[in-house]
Amino acid sequence: MSQKIYVDNAASTPIDPHVIKLMVEIMENHHGNPSSIHSHGRKAKSIVEEARKKVAKIINASVGEVFFTSSATEANNTILMRSVKDLGVKTIISSPTEHDCVLRTLERLESEASVEVIFLKVDHQGDIDTAELESLIIEHKINGKVLVSLMHGNNEVGTLLDIEKVAALCQANEVYFHSDMVQTIGKMEIDVQKTKLSFLSGSGHKFHGPKGVGFFYMNAENIIQPLILGGAQERNMRAGTENSVGIAGLAEALQLYANNRAANIAKVTQLRDYFEQQLLKLIPKVKINALGATNRLPHISSVSFDIGEKGDLLIFNLDIHGISASSGSACSSGIEHDSHVLIAIGHPSHRKTVRFSFSHFNTMEEVDQIVEILCKMQ
Ligand code: PLP
C-alpha cells in the first residue's frame, strides 16, 4: 500500500485547509501582542476577541464566559484545582474512565487539598448509573459543596454521557457540573442556556484546528481565579501572551465544523458503521467495545480482537501497512497492559483492543483497505 491512512482522529485531527490559510494570513500580517496598545496590538486583540465571539456564539454563552488556554489539559486543571480553592468544593464525583488530565488532577487534590474524590461505577459499556450519581450527590452535599466532573464523550471507547440528564440532576441539587467536552465540542450541539453546566472544556486539535490551544466555558455564576499567574490576559483568568494565531484557528475550525455538522456526522457515522459491520462479518470473535452503550460517539470504533500473542503486534503491523490507529494499551515498567478505561469497563486482558477513529476526511475505500489488512493479520 503506498498511501497512508489516518484513523486516529480522537488523538488529533488534520487541520482544515481553510484554517491553515487563515492562520498563515495572521502569522504573515498580524504579529502584534494583543496587550500592546498600538495599532498592531489592537489588531491582534481584535483577532482574539473575534474568535471569542465565535466560540461563545456556537455554545450560546456570553463572550465573558469563554477563556482560551494552551490546551484542554490546562483548562481541566484550572477548573478542578480552582473550584476547590475558590468555590470551596469538598467532594468531587467523577468516573474512572476520565482522561488522565482529570484523573491526575483529582489525585493531586485528594492528596494535597483533602478533597474527597468519589468514582462512580461504570458498566461494561462505559455507561454510568445516574441513579447512583443522584444518591451520591444527595449523600455528600450535606458535607459541603459538590462538583460533578464527567466527560461528555469517552475518548477511548466512545461512550456518550446523557449530558442533559446529568446537567438537570446537578442543577436540581444545586451542585457544580464540569464536563470535559473535548471529544464532542463542535461535533455535538451544545447550548449552555439549555444544558446548565458550570464549566466545559474543549481543545482545538480535536476538530480540525491547531494543537496547543484550548478553551473553557465558565458560567458567570461560579467564578474561579486563574491557575496561571502573571499578566492580566484573558480578563485576568489566564496569564501569558495569547496565542492569537492558534486562538483564531481554533475558532475558525469550530465554526467550520458547526456549519457542516450534520454532513460531517453523517459521513463519520456511515464510515464507522460500515467498518464495524465488515469486521463483525469477516473477523472471527471480534467485538466492538461499548457497542451496547446507551449512546456512542459517531467517530470512534474501539475494536477488541481475540488474536492471542499476535495482538501485541497489531498496531505495529498496521503502522507497517501505513495505517495510523491507536493502541488501547498503556505501558508501565516496560509491561503493556490495558488502559485504565479498558480495565474500568472489564475488557478481558487476553484480548487486544485497537481504537480506530474517523473524520469526514476519511473515505469508504480507506475503510475497505483497513478491513482487508486486518483480515490478513488474523
Ligand atoms: N480530554 C479528552 C477527553 C481528550 O481526548 C484529550 C486529548 O486526548 C484531552 C482531554 C486533552 O486535550 P489536550 O490535548 O488539548 O490537552
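The values are calculated or read from the model by the stated rules, or taken from the named source; none is laboratory data. None of the values given here were measured: they were computed from a predicted structure. Every residue, glycine among them, receives a Cβ derived from its backbone with ideal geometry; neighbour counts consider all protein chains shown. All accessible areas refer to the heavy atoms of the entire protein, side chains included, with ligands and DNA or RNA removed. Shrake-Rupley method; radii C 1.70, N 1.55, O 1.52, S 1.80 Å.
Points to keep in mind about this one:
- On the stretch given as region 185-219, residues that are on the phi < 0 side of the Ramachandran plot and surrounded by fewer than 23 Cβ atoms within 10 Å (Cβ to Cβ) total 12.
- Only one entry in Ile47, Ile20, Ile37, Ile15 is within 17 Å of Val213 (Cα to Cα) and assigned to a loop (DSSP other than H, G, I, E, B), namely Ile15.
- Count of residues meeting criterion [within 13 Å of the ligand (Cβ to nearest atom) and small (Gly, Ala, Ser)] in region 144-153: 2
- Residues of region 268-323 classified as assigned to a loop (DSSP other than H, G, I, E, B) and either more than 17 Å from Cys375 (Cα to Cα) or open to solvent by 30 Å² or more (accessible area, probe 1.4 Å) (or both), total: 14
- For region 194-228, a residue qualifies if it is away from the ligand (no atom under 13 Å from the Cβ) and more than 14 Å from Ile163 (Cβ to Cβ), and the qualifying residues are His208, Met218, Asn219, Ala220, Glu221, Asn222, Ile223, Ile224, Gln225, Pro226, Leu227, Ile228.
- Among the residues making up region 63-119, those that are among the acidic types (Asp, Glu) and either surrounded by fewer than 16 Cβ atoms within 10 Å (Cβ to Cβ) or in contact with a His (Cβ under 8 Å, 6 or more places away or on another chain) (or both) are Asp86, Asp100, Glu107, Glu110, Glu112, Glu116.
- Some residue of region 244-252 being farther than 30 Å from Asp338 by Cα and open to solvent by 40 Å² or more (accessible area, probe 1.4 Å): yes
- Restricted to region 21-46, and to residues there that are open to solvent by less than 80 Å² (accessible area, probe 1.4 Å) and under 30 Å from Asn155 (Cβ atoms), the residue that is farthest from the ligand (Cβ to nearest atom) is Val24.
- Qualifying positions in region 1-18 - at pLDDT 95 or above and away from the ligand (no atom under 16 Å from the Cβ): Lys4, Ile5, Asp16, Pro17, His18
- Qualifying residue in region 31-42 (condition: modelled with pLDDT of 95 or more and under 25 Å from the mean Cα position of the chain (by Cα)): no
- Remark: pairs (first residue in region 90-107, among the charged types (D, E, K, R); second residue within 10 Å of the ligand (Cβ to nearest atom); Cβ separation under 8 Å; 6+ apart in sequence or on different chains) = Glu98/Met151; Glu98/Asp180.
- Residues in region 251-303 that are in contact with an Asp or Glu (Cβ under 6 Å, 6 or more places away or on another chain) and free of Cβ contacts under 8 Å to residues at least 24 places away in the same chain: Lys285, Ile288.
- Test: residue in region 128-143 that is within 16 Å of the ligand (Cβ to nearest atom) and either within 19 Å of the chain's Cα centre (by Cα) or at pLDDT 95 or above (or both): yes
- Screening Thr91 with (1) away from the ligand (no atom under 16 Å from the Cβ); (2) touching a strand residue (DSSP E or B) at 6+ places or on another chain (Cβ under 8 Å); (3) more than 23 Å from Lys145 (Cβ to Cβ) gives one miss only, at (3).
- Restricting attention to region 178-188, the residues that are more than 16 Å from Val268 (Cα to Cα) and either away from the ligand (no atom under 16 Å from the Cβ) or not in a strand (DSSP E or B) (or both) add up to 2.
- Test: residue in region 154-168 that is within 12 Å of the ligand (Cβ to nearest atom), among the hydroxyl-bearing types (Ser, Thr, Tyr), at negative phi and at pLDDT 95 or above: yes
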